[in-house]
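The values are calculated or read from the model by the stated rules, or taken from the named source; none is laboratory data. In this text the structure is predicted, and so the values were computed from the model without any measurement. Neighbour counts are summed over all protein chains in view; Cβ atoms, including those assigned to glycine, are modelled from backbone coordinates with ideal geometry.
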Amino acid sequence: MTKAPSALGSGTGTRVLICRGCCCGTERKHPAVDHDGQIVAISALARARVVDCVGECAHSNVVIVRSGNGPSVWLGGINNPAITSALCDWLVAGAPQPPPQVLQSRVIVRRSEAVGAGAEHV
Ligand code: FES
């Protein structure tokens, strides 16, 4: 099922793309996650958009965070209340670089970056 991107959230300088495609946000793949609650929590803290699959399904749930003119940070495995809370705490702080230690293990090294093709920005 394809979901159209939709604008959510508040007017901070931090932007977040919340993947909700074929895997991310689905009860089929992550039945214990409050997917809607995650969107509400994130969109209360940043300019958030729900987007279709961003091509990193192996890492679902994926969110992409960009603060100011900094690099986009791709995070995967945002699948439990503790990690969602850590993400929200980072957003409250303005998503400074680098992400906090608790989120470091969730940073995705995308295939295009690994081969030097460069990263897209949010
Ligand atoms: S559905 Fe999120 S990366 Fe594919």
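Computed values, structure above
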| quantity | calculated |
| --- | --- |
| Residues satisfying the stated conditions in the stretch 91-111, i.e. part of a helix (DSSP H, G or I) and either acidic (Asp, Glu) or closer than 24 Å to Cys23 by Cα (or both) | Leu91, Val102, Leu103, Gln104, Arg111 |
| Where a residue in the stretch 51-73 is closer than 18 Å to Gln38 by Cα and its partner, wherever it lies, is near the ligand (Cβ under 8 Å from one of its atoms) and of a type in the set (Asp, Glu), with Cβ under 8 Å and at least six apart | Val62/Glu56 |
| Candidate set from the stretch 92-122 (those that are closer than 26 Å to Ser43 by Cβ and among the charged types (D, E, K, R)); member that is modelled with the highest pLDDT | Arg106 |
| Subset of the stretch 31-89 [more than 20 Å from Gln104 (Cα to Cα) and acidic (Asp, Glu)] | Asp34, Asp36, Asp52 |
